[in-house]
1. Report, in degrees rounded to the nearest 10, the 0 to 90 angle that the Cα long axis of helix 56-93 makes with the longest principal axis of the chain.
2. Can you give the angle from 0 to 90° between the axis of helix 11-44 and the longest principal axis of the chain, with both taken from C-alpha atoms, to the nearest 10?
3. In percent, how large is the relative contact order of the chain, given Cα pairs closer than 8 Å and 6 or more residues apart?
4. Can you give the FRET efficiency for residue 46 and residue 85, using 1/(1 + (r/R0)^6), R0 = 30 Å, r = Cβ-Cβ distance, to the nearest 0.05?
5. Within 10 Å of each residue's Cβ, count the other Cβ atoms and sort 24, 53 from fewest upward.
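Coordinate-derived values only; no laboratory data. Given the structure is predicted, the values throughout are model-derived calculations rather than measurements. Cβ: placed from backbone, ideal geometry, glycine included. Neighbour counts: every protein chain shown.
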């Protein structure tokens, strides 16, 4: 590969970039969870009294929605853990800390 005179990122830079991306993903997930919790609180009410008087169908649909979100978050977390495990192996292979 031809060197253009610019510093090319090394393994440490790549691993740091990946770790930064994982941290950003975790922050985004936390914000998403907080937003979903707020929606649930509005639906259920502060005292669990369901102020909007939802039908049984609406309550079931809410449960489906929550289950889908939790499943998606679980899958995302598995990917992030796998990414961190790969970064750890790469860092050890290249002699860096992690």
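1. 10 degrees
2. With both axes taken from Cα atoms, the answer is about 0 degrees.
3. Reported as a whole number, the value is 45 percent.
4. 0.15
5. The most exposed by this proxy come first: 53, 24.
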